[in-house]
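Heads up, the thing below is written out as C-alpha cells.
The values are calculated or read from the model by the stated rules, or taken from the named source; none is laboratory data. Bear in mind the structure is a predicted one, so any value in this text is a computation, not a measurement. Neighbour counts run over all protein chains shown; Cβ positions are idealised from the backbone, glycine included. Surface accessibility is based on the protein's heavy atoms, side chains included, excluding ligands, DNA and RNA. Shrake-Rupley method; radii C 1.70, N 1.55, O 1.52, S 1.80 Å.
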Amino acid sequence: MTDDLDRIEERLTVLLAQQGDRDAFGRLVDRYDKRLHYFIRRILGETDGALDLLQSVWLIVHRRLRRLQSPDAFRVWLYRIAHDQAVTELRRKTRRPVLFDETAAGQPLDAVSLDDSAFENAELVHVALRDLSVDHRRVLTLRFLEDMSIEEIAEVVGCGPGTVKSRLHYAKLALRRRIEELLDG
C-alpha cells in the first residue's frame, strides 16, 4: 500500500513540476539527488566530477521535463539521463569505449563460497563495488539500491532484459569474488 501511495505522490509531483511548479521540482530533486549522485559515482568511480555531472543532469531534466509523456516513467527516465551523461563523461575521459567485463564468464554463481553476512557490511560492499567494471556497478546499483525491475534497468542502460539478467549474474559473481579477496586480504 505504501508503494502505491509513493507512486501516486511521485506522479502528482511530476505533473506539478511539468506545469512549472518550482516546489514540486524541488521535491523531486530532494527525493532523488543523493541516490542519483551515488549512481553517477558508481559509473564514474570516486571522482570529484560526479557533483558537476549531477548538476548537469538536473539541468537537462528541468529543460526536458515538460516533454515527458508519462509521469509514471519519471524514475526510469531520470536514471536514463544520468546513465547516458555519466557514460558520455566516462568515454570522454578515457577516450575509449566502455566495454562489458565478463571476467567470471562461464562459472556458476555458486562456485564462489562466501558467507552472506559479508554482504551486510555496507562499507565492504561499497569498496568491492568500486573495483568492479562499469557495467557491473551500474546494474547492481540499479537492481539492489534503486530496486528497479529487470525491464526498468534494460530501459536505463539501453539493452535487452536478457542482457541485464546476464550482467546481473556476472556482476553478483564478481562482487562475491571481490568481497572474498578483501576478506582474505
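Would you say ASP21 is at pLDDT 95 or above, acidic (Asp, Glu) and open to solvent by less than 60 Å² (accessible area, probe 1.4 Å)? Write out each step before concluding.
Details: at pLDDT 95 or above: yes; acidic (Asp, Glu): yes; open to solvent by less than 60 Å² (accessible area, probe 1.4 Å): yes.
The answer is yes for ASP21.
Among the residues of the stretch 159-185, count how many are in contact (Cβ under 8 Å) with a residue 40 or more places away in the chain and either in a loop (DSSP other than H, G, I, E, B) or of a type in the set (A, V, I, L, M, F, W, C) (or both).
Result for the stretch 159-185: 6.
Going through VAL61, VAL29 one at a time, which residue ends up being crowded, with 17+ Cβ neighbours inside 10 Å and at pLDDT 95 or above? Break it down stepwise before answering.
Values: VAL29 fails: crowded, with 17+ Cβ neighbours inside 10 Å.
None of the other options fit; the residue is VAL61.
Pick from LEU5, LEU15: which is over 25 Å from THR88 (Cβ atoms), open to solvent by 20 Å² or more (accessible area, probe 1.4 Å) and touching a helix residue (DSSP H, G or I) at 6+ places or on another chain (Cβ under 6 Å)? Working first, answer last.
Values: LEU5 fails: touching a helix residue (DSSP H, G or I) at 6+ places or on another chain (Cβ under 6 Å).
Answer to the check: LEU15.
Among the numbered criteria (1) under 20 Å from the mean Cα position of the chain (by Cα); (2) at positive phi, which single criterion is violated by ARG7?
Result: ARG7 passes all but (2).
Which one of the conditions (1) among the hydroxyl-bearing types (Ser, Thr, Tyr); (2) part of a helix (DSSP H, G or I); (3) more than 22 Å from GLU152 (Cα to Cα) does THR47 fail to meet, given that it meets all the rest?
(2)
Which of the residues spanning the stretch 91-147 are among the acidic types (Asp, Glu) and either modelled with pLDDT of 85 or more or assigned to a loop (DSSP other than H, G, I, E, B) (or both)?
ASP101, GLU102, ASP115, ASP131, ASP135, GLU146, ASP147
Table: residues versus (1) on the phi < 0 side of the Ramachandran plot; (2) in contact (Cβ under 8 Å) with a residue 40 or more places away in the chain; (3) open to solvent by less than 50 Å² (accessible area, probe 1.4 Å).
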residue	(1), (2), (3)
ARG11	yes, yes, no
LEU36	yes, yes, yes
ALA50	yes, no, yes
LEU68	yes, yes, yes
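Somewhere in the stretch 52-65, is a residue in contact (Cβ under 8 Å) with a residue 40 or more places away in the chain, closer than 21 Å to VAL156 by Cα and out of contact with any Gly (no Cβ under 8 Å at 6 or more places or on another chain)?
In the first step, residues of the stretch 52-65 are kept if they are in contact (Cβ under 8 Å) with a residue 40 or more places away in the chain; the result is 65.
The next check asks that each one be closer than 21 Å to VAL156 by Cα; those that pass are 65.
Then keep just the ones that are out of contact with any Gly (no Cβ under 8 Å at 6 or more places or on another chain); that gives 65.
Scanning the stretch 52-65 turns up at least one residue that is in contact (Cβ under 8 Å) with a residue 40 or more places away in the chain, closer than 21 Å to VAL156 by Cα and out of contact with any Gly (no Cβ under 8 Å at 6 or more places or on another chain).
Go through the stretch 119-158 and count every residue that is over 14 Å from the mean Cα position of the chain (by Cα) and open to solvent by less than 60 Å² (accessible area, probe 1.4 Å). Break it down stepwise before answering.
Of the stretch 119-158, the ones over 14 Å from the mean Cα position of the chain (by Cα) are 119-125, 127-128, 131.
Cutting the leftovers down to open to solvent by less than 60 Å² (accessible area, probe 1.4 Å) gives us 122, 124-125, 127-128.
Residues meeting the conditions: 5.
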